[in-house]
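Below: one structure, written as structure tokens.
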Amino acid sequence: MSTGAVVSKPTAGTAEPAAFVDIPVGPYETEYLKPVHRVGVITTLAISAAMFLPAILLYLIYGVAAPWDAILAGMGLALTYAVPFFIIEPISYYPIYGDAGNYMAMTTGNVSNLRLPCAAVAQAVAGVPEGTRKGAIIGMIGIAVSVFVGLIGVFIGAVAGGAITSSFPVWLTDAFKLYLLPAVWGAVFGQFALRGPYYVLPALLIAGIPLLLKWPGYVVIPLAVFGTLALAYFLYKKFNLAPKAG
Amino acid sequence: MDWKFIANQPWLWIAGLIQASIGAFQAWYFFRLGTRLLEKHGNYHRKEVGGIVRGAVITSIGPILAEIFVMLALIIAISPAYAWQREGVGVGSVFTELVQVSNAAVGAGQEFGTESFNMMGFATAMVVVNVSCIGWSLGAAFFTRYLGTAREKISRGDTRLLAVISVAATLGIFGYYAANEANKGGGREIAVLAGAILSAFLFKLADWIHLPRLKEWALGIAMFGGMMIAYLVHGGSQ
């Protein structure tokens, strides 16, 4: 942890005052980080335990249990797909949303398409630099809000089922299904391109070339993240190039 | 008994409600803790926190609507209760979910989405999809506190370097997703480009005209704008 308050460049046209002053390290650690870790560990362990509930209830109520050989074979396939992401996702996303953000994102999922954009917008609205204590808290607020909105939306979606979406014209449904997600990726990339314009082309090339070579996602994602990071670190150390404020 | 009937009974709605309650409590606790600290030590007032919340609500509407659309696949293929249980506090996205149900079905010697998928396939899926995602939550429980330490050791308190790490990591991740979609060509490529240009323009515009509230809407407008431009240019075929 760094010591004392951090003062950085003014951020024009945002909620932050002319000179950015970070939250002091003492209160941040004792009044925020400490309870975040305590409740974060308890709730993520509780969620892990609750994941066994459906299988247990299915057995207790209906007497139906899956055979072990089917479970083992299914788990083998499922883990092959999931294990690389258990490691890659928290390491890759942590710098953006911090400790509380990581607990929430790893509990509620939909990180890249929902949690990260909400964290990024919250930080942009507040005009706080990423990597600061204030930035981590504001990113966390963005994620927490997305959890509430998501729970309400998914509940309504599940209860009302097809009724809501069937009232939409076909063209709109098609547009959502086909193009919303690519537009999300592009929009967040565009927002951050303003912050670090010199990383844009390398980031696209580092990801794009392996994709053209049809390398699997679990190889290309860490390559894209750590490749861009390595280049950014080099540019910072060699030429003192760092992202613009806000 | 028909597995489709069992799959939409109260037990699964309740299991989903318990998981959702844990997720909601966690988010509420962190939110309360963070806003209190911002007001006490961060020179923030309720009005400014309100702006941050508004921006996050606006940004989350698009992806959540999209999730509900894709969730229809789960509702149709399995049940509304299953969709709620998995997506309320779903650790994986709907796309991951569909892959994992298919993997579970293969493990049970069946094929998801066909007549061969029966009660055994459903019971296997209930175990596999739920238990296989525990890696994320257990990883968070045991390793989150060390992620911060590792990052601090790397940066040694240099906040400019932390900004370098954050912005480069974000561009690396979204560069991958954007390049992956653009690589498919057609309307998806247009959606990526239109979303990126609109977003960059709107964030810049907010600074030019000194209207910070525009930033609350920028990402939401860019997402829908990118989506609509892609549809208008390329239509409903990929």
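The values are calculated or read from the model by the stated rules, or taken from the named source; none is laboratory data. For clarity, every value in this text was computed on a predicted model and none was experimentally measured. All Cβ positions, glycine included, derive from the backbone under ideal geometry; neighbour counts span all protein chains shown. What goes into the accessible areas is simple: the full protein's heavy atoms, side chains included, and nothing from ligands, DNA or RNA. Shrake-Rupley method; radii C 1.70, N 1.55, O 1.52, S 1.80 Å.
Of the residues B:Ala218, B:Ala191, B:Ala200, which single one is touching a Pro at 6+ places or on another chain (Cβ under 7 Å), on the phi < 0 side of the Ramachandran plot and of a type outside the set (D, E, K, R)? I'd like the intermediate steps shown before the answer.
Working: B:Ala218 fails: touching a Pro at 6+ places or on another chain (Cβ under 7 Å); B:Ala200 fails: touching a Pro at 6+ places or on another chain (Cβ under 7 Å).
Of B:Ala218, B:Ala191, B:Ala200, the one residue that is touching a Pro at 6+ places or on another chain (Cβ under 7 Å), on the phi < 0 side of the Ramachandran plot and of a type outside the set (D, E, K, R) is B:Ala191.
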Exactly one condition in (1) over 24 Å from A:Leu241 (Cα atoms); (2) of a type in the set (S, T, N, Q); (3) out of contact with any Ser or Thr (no Cβ under 9 Å at 6 or more places or on another chain) is false for B:Ser199; which is it? (1)
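Where residues in region B:133-162 are of a type in the set (Gly, Ala, Ser) and modelled with pLDDT of 85 or more, which of them is nearest to B:Val106 (Cα to Cα)? Quick ask: steps written out before the conclusion?
Of all residues in region B:133-162, those of a type in the set (Gly, Ala, Ser) come to B:135, B:137, B:139-141, B:148, B:150, B:155, B:157.
Within this subset, residues satisfying the condition of being modelled with pLDDT of 85 or more are B:135, B:137, B:139-141.
Values: B:Gly135: 21, B:Ser137: 25, B:Gly139: 27, B:Ala140: 29, B:Ala141: 31 Å.
Taking the candidates together, the pick is B:Gly135.
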Are there any pairs, at least 6 apart or on different chains, whose C-beta atoms fall under 6 Å, with the first in region A:188-209 and in contact (Cβ under 8 Å) with a residue 60 or more places away in the chain and of a type in the set (S, T, N, Q) and the second in a helix (DSSP H, G or I) and open to solvent by less than 20 Å² (accessible area, probe 1.4 Å), and if so, which? A:Gln191/B:Ser199; A:Gln191/B:Phe203
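If we scan region A:89-107, do we find a residue that is at negative phi, among the hydrophobic types (A, V, I, L, M, F, W, C) and open to solvent by 20 Å² or more (accessible area, probe 1.4 Å)?
The initial filter retains those residues of region A:89-107 that are at negative phi, namely A:89-97, A:99-107.
From what is left, the residues that are among the hydrophobic types (A, V, I, L, M, F, W, C) are A:91, A:96, A:100, A:104-106.
Then keep just the ones that are open to solvent by 20 Å² or more (accessible area, probe 1.4 Å); that gives A:91.
For region A:89-107, residues at negative phi, among the hydrophobic types (A, V, I, L, M, F, W, C) and open to solvent by 20 Å² or more (accessible area, probe 1.4 Å): present.
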Being open to solvent by less than 10 Å² (accessible area, probe 1.4 Å) and touching a Leu at 6+ places or on another chain (Cβ under 6 Å) narrows it down to one residue among A:Val154, A:Val121, A:Val128; which is it? A:Val121
If a residue has to be more than 7 Å from every other protein chain (Cβ to nearest Cβ) and buried (at least 19 other Cβ atoms within 10 Å of the Cβ) to count, how many in region A:173-205 make the cut? 1
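Residue by residue, here is whether (1) assigned to a helix (DSSP H, G or I); (2) farther than 21 Å from B:Gly135 by Cα; (3) polar (S, T, N, Q) holds:
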residue	(1), (2), (3)
A:Leu77	yes, no, no
A:Ala82	yes, no, no
A:Ser92	yes, no, yes
A:Tyr97	yes, no, no
A:Thr107	yes, no, yes
A:Val125	yes, yes, no
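Does A:Met140 satisfy the criteria of being in a helix (DSSP H, G or I) and buried (at least 24 other Cβ atoms within 10 Å of the Cβ)? Break it down into steps so the answer makes sense when it comes.
On the way: in a helix (DSSP H, G or I): yes; buried (at least 24 other Cβ atoms within 10 Å of the Cβ): yes.
Yes: the conditions hold for A:Met140.
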Of B:Phe142, B:Phe174, B:Phe112, the only residue that is buried (at least 19 other Cβ atoms within 10 Å of the Cβ) and either over 19 Å from the mean Cα position of the chain (by Cα) or not in a helix (DSSP H, G or I) (or both) is B:Phe112
One residue is enough: does region A:206-216 have a residue meeting the conditions over 18 Å from A:Lys244 (Cβ atoms) and at pLDDT below 85? yes
Out of region B:115-128, which residues are under 27 Å from the mean Cα position of the chain (by Cα) and at the interface with chain A (Cβ under 7 Å from one of its Cβ atoms)? B:Ala123, B:Thr124, B:Met126, B:Val127, B:Val128
If B:Leu37 passes every condition in (1) more than 7 Å from chain A (Cβ to nearest Cβ); (2) over 21 Å from A:Arg115 (Cα atoms) but one, which one does it miss? (1)
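Of the residues in region B:199-217, how many are open to solvent by less than 50 Å² (accessible area, probe 1.4 Å) and within 7 Å of another protein chain (Cβ to nearest Cβ)? Give the derivation first.
Residues of region B:199-217 that are open to solvent by less than 50 Å² (accessible area, probe 1.4 Å), as a first pass: B:199-200, B:202-203, B:205-206, B:212, B:214-216.
From what is left, the residues that are within 7 Å of another protein chain (Cβ to nearest Cβ) are B:199-200, B:203, B:206, B:212, B:215-216.
The total comes to 7.
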Here are some residues: A:Val159, A:Val121. Which one is under 30 Å from B:Leu147 (Cβ atoms) and either assigned to a helix (DSSP H, G or I) or at pLDDT below 90 (or both)? A:Val121
Counting only residues that are closer than 23 Å to B:Leu17 by Cβ and part of a helix (DSSP H, G or I), how many does region A:53-75 have? 10
Need pairs with beta-carbon distance below 8 Å; first residue part of a loop (DSSP other than H, G, I, E, B) and within region B:207-227, second open to solvent by 30 Å² or more (accessible area, probe 1.4 Å) and at pLDDT 85 or above; sequence gap 6+ or separate chains. B:Leu211/B:Leu205
Matching residues, region B:44-64, being open to solvent by 30 Å² or more (accessible area, probe 1.4 Å), more than 7 Å from every other protein chain (Cβ to nearest Cβ) and without any contact (Cβ under 8 Å) to a residue 24 or more places away in the chain: B:His45, B:Arg46, B:Lys47
For region B:221-238, which positions are closer than 22 Å to B:Phe174 by Cα and more than 8 Å from chain A (Cβ to nearest Cβ)? B:Ile221, B:Ile229
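Give the residues of region A:74-106 that are hydroxyl-bearing (Ser, Thr, Tyr) and either at the interface with chain B (Cβ under 7 Å from one of its Cβ atoms) or closer than 25 Å to B:Ala27 by Cα (or both), sorted by residue number. Show your work before the answer.
Of region A:74-106, the ones hydroxyl-bearing (Ser, Thr, Tyr) are A:80-81, A:92-94, A:97, A:103.
Once the filter is applied, which keeps residues that are hydroxyl-bearing (Ser, Thr, Tyr) and either at the interface with chain B (Cβ under 7 Å from one of its Cβ atoms) or closer than 25 Å to B:Ala27 by Cα (or both), region A:74-106 yields A:Tyr81, A:Ser92, A:Tyr93, A:Tyr94, A:Tyr97, A:Tyr103.
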Filter region B:182-193 for residues that are in a helix (DSSP H, G or I) and more than 7 Å from chain A (Cβ to nearest Cβ); the one that is most open to solvent (accessible area, probe 1.4 Å) is B:Glu189
